[in-house]
Amino acid sequence: MIKNAIIKASTIYAPAQIDAFNKALLNEMKLGNENAIWALEAMIKNEEIARKSKLPLCDDTGIPHVLIELGRKRQLPENFIENIKEGIKEGLDNLPARPMAVKGSELIRLEQSEGLYDKPSMIETAPISIDSFDKNHIDYTESLEDEIHIHILLLGGGPEIRSKTYRVFHKHNNNVVIDETILWLKDSLKLLGCTPATPAIGIGRTHYEASHLMLKAMVYGNLNNQSETEQYITNQLNQLQIGPMGLKGATTVLGTFLNIGPQRASGVRIVSARPCCFVEPRKWTVKI
């Protein structure tokens with residue numbers, strides 16, 4: 001199951017992503033933006049080829065991240081985590097993913113002076129997160145407490161380079177937090193290259209929590225079901241007119257995924273913002 005999840009996450013768009021691309025294409029056609037039309041048509045064709053041929057959507061096949069949601073009526077089976085890691089290794093080799101694991105000891109890995117391993121499966125999975133189901137989420141039902149969900153995310157390097165996790169002084173005004181985040185994203189989108197993006201944003205009490213909430217925003221985000229705030233962020237960013245692949249146009253972002261967690265009595269909010277590129281979020285969920 002996990003091996004197949006890696007392959008599907010890397011080769012298949014969610015239906016809402018396909019809808020968002022087609023909607024953006026129609027809009028660019030109405031506006032007559034020829035370069036944007038060409039780029040979006042190529043992106044849609046890329047997904048069709050990847051899905052039919054089981055080829056990666058992008059040469060940067062990403063670093064595996066896993067979020068597990070555990071129902072309160074379930075327990076983790078024996079060797080559960082190790083089995084997930086083994087399934088990921090099999091998926092990376094079968095895809096195949098791009099070899100990206102760096103050889104050497106801790107300091108040698110920092111300078112990458114001994115080169116890379118040939119096998120894609122040498123890529124280590126990022127630390128695995130285990131959480132309960134969010135009872136406040138729109139899709140929550142009591143039946144989920146009988147299930148375990150394993151969410152697989154493949155995170156590419158380009159968006160990571162352009163991401164930011166930092167504090168914002170809220171000044172007792174939520175607009176201050178949202179608008180400063182938009183300013184960050186405006187700067188990062190100018191340098192991303194692989195637009196249209198889908199920004200993922202997590203707002204929490206610590207840097208760890210904000211990053212975790214940002215990952216969950218990618219897991220649960222739905223481009224066909226955007227909140228008023230998500231739509232506001234999208235509209236503000238599309239005013240940049242960067243367009244697909246930086247070729248100008250109305251579609252700099254397809255939509256926004258926002259996840260706001262618990263907050264503390266403090267003058268600051270910790271925000272994690274990641275401008276996912278046009279092949280992201282690459283995700284798949286296994287339910288057991």
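The values are calculated or read from the model by the stated rules, or taken from the named source; none is laboratory data. All figures in this text were calculated on a predicted structure; none of them were measured in a lab. A quick note on method: Cβ atoms are made from the backbone with ideal geometry, for glycine too, and the neighbour counts reach across all protein chains shown. Calculation scope for accessible area: heavy atoms of the full protein, side chains included, ligands and nucleic acids excluded. Shrake-Rupley method; radii C 1.70, N 1.55, O 1.52, S 1.80 Å.
A few comments on the model shown:
- Residues in segment 128-184 that are open to solvent by 80 Å² or more (accessible area, probe 1.4 Å), among the charged types (D, E, K, R), assigned to a helix (DSSP H, G or I) and without any contact (Cβ under 8 Å) to a residue 60 or more places away in the chain: 142 only.
This table checks each residue for (1) open to solvent by 30 Å² or more (accessible area, probe 1.4 Å); (2) out of contact with any helix residue (DSSP H, G or I) (no Cβ under 9 Å at 6 or more places or on another chain); (3) over 23 Å from residue 19 (Cβ atoms).
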| position | (1), (2), (3) |
| --- | --- |
| 234 | no, yes, no |
| 241 | yes, yes, no |
| 244 | no, no, no |
| 251 | no, no, no |
| 255 | no, no, no |
| 261 | no, no, yes |
| 264 | yes, yes, yes |
| 270 | no, no, yes |
| 274 | no, no, no |
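- Set side by side, the residues 211, 188, 272, 266 differ, and just one is assigned to a strand (DSSP E or B) and small (Gly, Ala, Ser), which is 272.
- Those residues of segment 194-210 which are farther than 21 Å from residue 237 by Cβ and polar (S, T, N, Q), in sequence order: 206
- Condition met for residue 220 (farther than 21 Å from residue 137 by Cβ and of a type in the set (Phe, Trp, Tyr)): no
- Residue 99 being open to solvent by 80 Å² or more (accessible area, probe 1.4 Å) and either touching a strand residue (DSSP E or B) at 6+ places or on another chain (Cβ under 9 Å) or within 20 Å of residue 220 (Cβ to Cβ) (or both): no
- Flag for residue 68 being hydrophobic (A, V, I, L, M, F, W, C), surrounded by fewer than 19 Cβ atoms within 10 Å (Cβ to Cβ), in contact (Cβ under 8 Å) with a residue 60 or more places away in the chain and in contact with an Asp or Glu (Cβ under 8 Å, 6 or more places away or on another chain): yes
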